[in-house]
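Inspection log for the structure reproduced underneath, given as structure tokens.
The values are calculated or read from the model by the stated rules, or taken from the named source; none is laboratory data. Just so it is clear, the model here is predicted, and its values are computed rather than measured.
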Amino acid sequence: MNPFIETQEWSDFHTRFISAFSDALMSHIAPRYVARVERRVYLERYPEEGGGPRHIRPDVSIFDSNLGDYGLGANAAIATTVEPVTLTIPMPEEQREAFLYIKERESMEVVTVIEVLSPANKRPGSDGQREYLKKRMEVARSSTNLVELDFLRGGDRLPVSGNLPPGEYYAYVMKSHLHPRVQVYGWHLNHILPPLPIPLAREDPDVVVNLQEVFQTVYDRAGYDYTLDYAQPLEPALDAKAAEWVTSLVK
């Protein structure tokens, strides 16, 4: 994995990876199943700096002067010149997130949902996180399989009971007949992305998709090898061992 993608090219990578993953799946699942890309749209309200939700409070209120809210008569007013200050009204930002689903071709029933987590899904207390966890719970209570790919080092990890395996990157595979149990695959920054089993209908065997091949296809086609700026700092910062490994490759 290239950690510089997370801070510089994530939006582009997310879209490209979903599409390439769909293409890779079709070679394994056709003609019984089809893989399709879908998008959800929601409004993300960003918290004020320092945390907590934004609250809009009036800076100016207009009162009926006859009500005497401030206990001041007309003669108590002082003439002054007030210069305006330009500020910003907090506005929600529209977010569009792509995800992938597998349908049984004849019945068009969704058998598997595949998600590649975005930074908004992992931002503590955000609308994106709430929206995603709500959808996750809905799928977990249904007869649909769920596969979640976390290629982001930053943000909150998905909630699970028990300790995650060691790693910076994770894949979660939840089979419908085993809910709420989930198989979690973890790997480190300098490890090759693993082959990943993708569950279908219960009577069919899993299909295996080589994550490293999909990633490499996206990486090469997008030209990330020459568009990424390796002088930029990584967020979150790497530990000493990983930083040494990355520095050796950048040189």
Among strands (runs of 3 or more DSSP E) completely within the range 171-251, the ones holding 2 or more residues that are modelled with pLDDT of 95 or more and aliphatic (A, V, I, L, M) are 195-198, 207-210
Here the residues within the range 112-163 that are over 19 Å from residue 187 (Cα atoms), within 14 Å of the chain's Cα centre (by Cα) and part of a loop (DSSP other than H, G, I, E, B) are 123, 124, 125, 126
